């Protein structure tokens, strides 16, 4: 009876919260032109279902090899032999990237990589501690699994108590995609359509803030608590604060953290991408900090629900230059030197009262470490408007598309409809699906512009 009361209490709290992860974008519709969200991108994968105990520990073992790969990659990426070593590591990377991994195959690829790396004594000496630690880490996981399996009362409670399972497992039982009204400093700053199944944002929509100079503060550190449990706080937080909230939630709702799926770290990782998921990729912003003046709006972009795996060179060169050009064209400032450094002095400026931007990705069937989808392309569309006699009127619009590769080059579109058609083609090709409806990014913002 006490647990049933807890369930009712928890559900009543959830229904009373008007937080950032909601059923639609009504709370942050101001970030879309004419207050209408993007249409036709109904491509999110379902939220991953809870894993069996066996599969939970399979994931734990995969994580050991993921950490091994990351340690090796980081040790050798600045070495002159990097390309040669990367070829050695590639079979292991392919094995650990599988959504449904085969542990024996991962282990065999790890042993092959070790054997090949021993041919490079100087490099192998740096990597040997990482290999040596594997045996103990796997033993610790086996002991943990045995301990849980032997706890008959714990397993029986989890199996029989459906009400508590619903509460403790709520991170796994919510719909996908999630509509996130990104909140920081008690204000909404932009909107994100988040694909829970792929653990990436499909797009972020925002108004470019051109009111002052930009200043990026720190790195991507924030998580969305309400992706884990709907009743948690409605504002982005760092990992320490989110885990603190999860600890309290678990205690209040009798979620025994001895069971792996209820642990704070596991809940967070199951609900969204985390800092461990990127390795050889950049954390590629959809809504970039550089499209906001210094302050809370810029900080709000530093959330893992606003980034996807992005090729490092493409991010820092082709795509970054496009983001800078877009801001400068429509009257935004950058920090001193940016205009000169990026050859943007000759860009023709355009007056704009509001500049609506939607930036997204084209998902694929490729995953990083079996968890986070790796997009094939990044895309962006913008709609510049003026206020005329109290009415918002489109002045210019345009878009861009860039392959998520080392040699990716930005293709610009002077008509949004051309970008929309190209996106539909790419999505159908990458996901091998048929989209019955057209993609519509903006509501009748048809004027054209190439930067």
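The numbers here are math on the coordinates, done by the rules we state, and not lab data. Fair warning: this is a prediction, and the values are worked out from it, not measured in the lab. Quick reminder, even Gly has a Cβ in these numbers, built from the backbone with ideal geometry, and neighbours come from all protein chains shown.
If you average the C-alpha positions of the stretch 381-424 and of the stretch 137-166 separately, how far apart do those two centres end up, in angstrom? Using only Cα atoms, the two centres lie 51 Å from each other.
Report, in degrees rounded to the nearest 10, the 0 to 90 angle that the Cα long axis of helix 2-16 makes with the longest principal axis of the chain. Roughly 10 degrees, rounded to the nearest 10.
With distances taken between every two different alpha-carbon atoms, the stretch 53-167 has a Kirkwood hydrodynamic radius of 16.0 Å. Matching the structure-derived semi-axes √(5λ) of the Cα gyration tensor in Å against the labelled list [x] 38, 25, 19; [y] 34, 25, 20; [z] 39, 30, 19 gives the label [z]. Using C-alpha pairs under 8 Å with a sequence gap of at least 6, the mean separation divided by the residue count of the chain gives a relative contact order of 18 percent. For residue 280 and residue 162, the FRET efficiency from 1/(1 + (r/R0)^6), where r spans their Cβ atoms and R0 equals 35 Å, is about 0.25.
Applying 0.36 nm per residue to the separation of residue 432 and residue 349 and subtracting their alpha-carbon distance, the gain on full extension is 25.8 nm. For the peptides 289-296, 253-260, the ranking by mean Cβ contacts within 10 Å, running from highest to lowest, is 289-296, 253-260.
Once you compute Rg and the Kirkwood Rh from C-alpha atoms, what is the Rg to Rh ratio for the stretch 358-443? Taking Rg over the Kirkwood Rh, I get 1.07. Each peptide among 373-384, 179-190 gets the average number of other Cβ atoms lying within 10 Å of its residues, and from highest to lowest they stand as 373-384, 179-190. Segment residue 393..residue 414, full-extension length gain: 5.8 nm, with 0.36 nm per residue of separation and the alpha-carbon distance subtracted.
Each of residue 186 and residue 52 was given a label point 7 Å from its Cα along the Cα-to-Cβ line. The distance between the two points is 5.0 nm.
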